[in-house]
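Q: Take this structure first; my questions come after.
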Amino acid sequence: MTIGASTSNLYPMKTEDALDMLLEAGFRTIEVFINTESEATIGFARKLKKRADRYGANIVSLHSHNSVSESYLYFTDYPRRYEDGLKKLELVFKSAKEMGAPYVIIHGDKPTGSLPDTQSVLRYGELFELGRKNGVTLLQENVANYRSADLAYLREMKSRLKDKAQFVFDIKQSRRCGLEPLQVISVMGEGIRHVHISDNDDCRDCILPGRGKTDFTRIFESLAAYGFNGDIIIELYRKGFKDVSELIKACGYLMDLIKM
């Protein structure tokens, strides 16, 4: 397992500036969170790849900027909107490929979406195939207020899609869904390819790892039991820390736990 950080930690700093700050701080495993349509281009992707290469760093995942509209665009029952949505998503896939990122992350469908659960799951399978065609793997993240907050939906993804059901496990989102992290891990199981990590205490659900009460050792052991050996990305909000050096300390803390 490798610990890295997301550019989203530094939002609303420009994406390329956030990447530079993480690289200069010492991170070599990076998730890029693009924030607008003009950042989902080959030219922008090349610029970020060049920056990462300069430091010998790897961009391991790309988080789509379309999170708030994915249900509307990709899980619609209006065929023409779906066709237009696929064009937007394909640009994200091509950007990820250009950056060298094997994974693209989406929040997916919402419970208020127009498709029944089974159709929604099958639609995800179509999106996954489009990603595969473009040389990247689409990952479904568990997110509060989305269908992926429901363990039954995740189970149906695994049952119907088999190896196309691949996931990002987000620890803070599991808390926001009222679920214990180990519950979500047990359902996603061997489909987990990527992890978003943070800590929590009695008052806050997203703080620096090492400053709360999360039993990370149990979480790492559970992930390993399902064969996970991928990238664990620190993903906070800008108000959750004062300086990027705190992210580096949190990275060291997590790496020490993994070594143990």
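Taken together, the values in this text are just the output of simple stated rules run on the coordinates, not laboratory data. Note that the coordinates shown come from a computational prediction; the quantities given were computed from them, not determined experimentally. For neighbour counting, all protein chains shown are included, and Cβ atoms are generated from backbone atoms with ideal geometry for every residue, glycine included.
Q: Please identify, among Arg80, Arg176, Arg46, the residue showing maximal mean-square fluctuation in a Gaussian network model of the chain using a 10 angstrom Cα cutoff.
A: Most flexible of the set in this elastic network: Arg80.
Q: Give me the extension gain from Ala144 to Tyr82: residue separation times 0.36 nm, minus the current Cα-Cα distance, reported in nm with one decimal.
A: Working: separation 62, 0.36 × 62 = 22.32 nm, distance 2.36 nm.
So the extension gain works out to 20.0 nm.
Q: For region 2-259, with only Lys/Arg (+1) and Asp/Glu (-1) charged at the beta-carbon, what is the dipole magnitude about the Cα centre, in debye rounded to 20?
A: Working: 37 positive and 36 negative charges, 86 e Å.
It comes to approximately 420 debye.
Q: Give me the extension gain from Ile248 to Glu129: residue separation times 0.36 nm, minus the current Cα-Cα distance, reported in nm with one decimal. Each step should come with its number before you reach the end.
A: Details: separation 119, 0.36 × 119 = 42.84 nm, distance 3.62 nm.
Computed gain between Ile248 and Glu129 is 39.2 nm.
Q: Looking at Met13, Ile258, Ile232, which one has the Cα that reaches farthest to the positive end of the dipole of the chain (charges on Cβ: Lys, Arg +1; Asp, Glu -1)?
A: About the Cα centre, the residue reaching furthest to the positive side is Met13.
Q: Is it possible to state the helix-based mean residue ellipticity at 222 nm for the chain, with each DSSP H run of 4+ residues giving -39500 (n - 2.57), the sum divided by total residues, to the nearest 500 deg cm²/dmol? What is it? Spell out each step's value before the answer.
A: Details: 10 runs with 118 residues, N = 260.
After summing the helix terms and dividing by residue count, I get -14000 deg cm²/dmol.
Q: Which whole DSSP H helices in the chain pass both tests: a Cα extent of 20 Å or more along the axis and a mean Kyte-Doolittle value no lower than 0.5?
A: Values: long enough: 79-99 (30 Å, -0.98); 117-133 (24 Å, -0.71); 244-259 (23 Å, 0.84).
Result, helices passing both filters: 244-259.
Q: Please list the radius of gyration and Dmax for region 150-243, considering alpha-carbon atoms only, with Å as the unit.
A: Computed over the Cα atoms of region 150-243, radius of gyration and Dmax are 13.6, 44 Å.
Q: At R0 = 45 Å, how high is the FRET efficiency between Lys162 and Asp53 if r is their beta carbon distance? Nearest 0.05 is fine.
A: On the way: r = 35 Å, r/R0 = 0.79.
It comes out at approximately 0.80.
Q: If you don't mind, there's one more thing I want to ask. Using alpha-carbon pairs under 8 Å, 6+ residues apart, how would you state the relative contact order of region 148-260 in percent? Kindly include the intermediate steps, with their values, before the conclusion.
A: Values: 143 pairs, mean separation 26.0, N = 113.
Reported relative contact order: 23 percent.
Q: While we're looking at this one, here's another question. May I ask what percent, to the nearest 5, of DSSP beta bridges between residues of region 2-259 are antiparallel? Please list the in-between numbers first.
A: Details: 1 of 29 bridges.
About 5 percent, rounded to the nearest 5.
Q: Now for a different question. Using the beta-carbon distance between Leu182 and Ser114 and R0 = 35 Å, what value does 1/(1 + (r/R0)^6) give for FRET efficiency, to the nearest 0.05?
A: On the way: r = 33 Å, r/R0 = 0.95.
In this case the efficiency is close to 0.60.
Q: Tell me the label-point distance for the pair Tyr237, Leu122, using the 7 Å Cα-to-Cβ offset, in nm and rounded to one decimal.
A: Once both label points are built, they end up 3.9 nm from each other.
Q: Now, a different point. Quick one: compute the contact order of the chain, relative version, from alpha carbon pairs under 8 angstrom and 6+ residues apart, as a percent. Walk me through the numbers on the way to the answer.
A: On the way: 481 pairs, mean separation 50.9, N = 260.
Rounded, it is 20 percent for the chain.
Q: For region 72-121 and region 179-194, what is the separation of their C-alpha centers, rounded to whole Å?
A: 22 Å
Q: Moving to a separate point now. Simple spin-label model, 7 Å along Cα-to-Cβ: Val68 to Asp215 in nm?
A: For Val68 paired with Asp215, the spin-label model returns 3.9 nm.
Q: With label points built 7 Å along Cα→Cβ from the Cα atoms of Asp201 and Asp17, find their separation and express it in nm.
A: 3.0 nm
Q: Full extension from Met1 to Arg28: what is 0.36 nm times the residue separation minus their Cα-Cα distance, to one decimal in nm? Display every interim value, and only then the final one.
A: Values: separation 27, 0.36 × 27 = 9.72 nm, distance 1.34 nm.
Length difference between fully extended and current span is 8.4 nm.
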